[in-house]
Amino acid sequence: MLKDGTKHWPQDVRLRQLLGLSLARSGAVEHGNAILRELSNEAEADGETLGILASTYKDLWETAADPSLAKRNLKLSHDIYFQAFSVSLEKDDVESSYYNGINAAATALLMGQQQKARDLAEQVDRLCDRAMSSNNPDGDSYWAIATRGEASLILGKYERAAAHYSHAARLAQGR
C-alpha cells in the first residue's frame, strides 16, 4: 500500500519514511535503508527521517557477518542518531530529541564510548522530564518514562531504571 501511495504522491515525505521503515521491519533492511538515504539526501533531513535511517544502520550492524562492516554500520548508526538528535534539538522537537538522543547514547555505549553515552543519557533524561512536565494530565507519557529507564541504565542508576520501567509497564497494560 505504501509503495502504491508513493506512486501517486512521490514527494510525500511521511509516505516514504513509512515505506523505508516497513521494508526494514519486514526484513528488507537494505532496500529500506536505500529509500531513507535517498530521502535524507534530497533536502534538509528532519529528525524523524534521520532517526529511521539510523535504525536501519543499527539493523545492518546486528546482522553483519563481517566484523569490519558491522563496526562501520554501528558507527554510521551512531553518527546519524547524533545528527538527528542535534537537528531535533535545534527545532525544539522534544520527543524526536529524546528518541534520537537515547539511541545515540546506546550506540555510543555499544562502541565503547562510555563518557559520551553518559553525557547524552543525562541530556535525554532532562528532555524526558521536560516532555513529561509539558504533557497534559491525560497525556501519554509512556515513551518518555521508558526512555528515562534506558537513560538511567546507561547512567548506572539501576533502581531508578527499574522504577521507570515498572511505571512504563503499568502505563502500557492493555495495549
Any idea what log10 I(q)/I(0) is at q = 0.10, 0.19, 0.23 Å⁻¹ for segment 28-125, Debye with uniform C-alpha scatterers and no solvent?
-0.24, -0.85, -1.14
Charge-dipole axis of the chain as Lys and Arg at +1 and Asp and Glu at -1 on Cβ define it, positive-most pick from Ala131, Ala151, Gly20:
Ala151
Rounded to the nearest 0.05, what FRET efficiency is calculated for Val13 and Met132 with R0 set to 22 Å and r the Cβ-Cβ distance?
0.20
For segment 87-95, what does the Karplus curve 6.51 cos²θ - 1.76 cosθ + 1.60, with θ = phi - 60°, yield as ³J(HN,Hα) per residue in whole Hz, taken in order and with x for Gly and Pro?
4, 5, 4, 4, 8, 6, 8, 4, 4
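Take the solvent-accessible surface of the protein heavy atoms, probe 1.4 Å, and return the percent of it on segment 1-73 that carbon and sulfur atoms account for.
Answer for segment 1-73 is 54 percent, counting heavy atoms of protein chains only.
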Point-charge dipole on Cβ atoms (K/R +1, D/E -1) for segment 39-91, about Cα centre, debye to 20:
260
Extension length gain for Leu171 and Tyr142 (0.36 nm per residue less Cα distance), in nm, is 9.8 nm
Pick out which of Val87, Val29, Val13 has the largest mean-square fluctuation in a Gaussian network model of the chain, springs linking Cα atoms closer than 10 Å.
Val13
Convert each backbone phi in segment 15-29 into a coupling constant with the Karplus relation 6.51 cos²θ - 1.76 cosθ + 1.60 (shift: θ = phi - 60°), then list the ³J(HN,Hα) values in order as whole Hz, x for Gly and Pro.
4, 5, 4, 5, 5, x, 5, 5, 4, 4, 5, 8, x, 8, 4
For segment 1-90: accessible area per residue (Å², 1.4 Å):
57
Taking the Cα centre of segment 1-154 as origin, work out the dipole magnitude from +1 charges on Lys and Arg Cβ and -1 charges on Asp and Glu Cβ, in debye rounded to 20.
420
For Lys71, the lysines lying under 20 Å Cα to Cα, once residues fewer than eight places off in the same chain are dropped, come out as Lys58, Lys116
If R0 is 30 Å, what FRET efficiency do you get for Ser86 and Lys3 from their C-beta distance, rounded to 0.05?
0.45
Expressed as an acute angle from 0 to 90° and rounded to the nearest 10, what is the orientation of the C-alpha long axis of helix 47-63 relative to the principal long axis of the chain?
90
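Run the accessible area of segment 88-175 with a 1.4 Å probe and give the carbon-and-sulfur part as a rounded percent.
48
The values are calculated or read from the model by the stated rules, or taken from the named source; none is laboratory data. It should be emphasised that the depicted structure is a prediction, and the values quoted were computed from it without experimental measurement. Here Cβ is always computed from backbone atoms with ideal geometry, including for glycine, and neighbour counts include all displayed protein chains. Just so you know, the surface numbers come from the protein's heavy atoms only, side chains and all, with ligands and any DNA or RNA stripped out. Shrake-Rupley method; radii C 1.70, N 1.55, O 1.52, S 1.80 Å.
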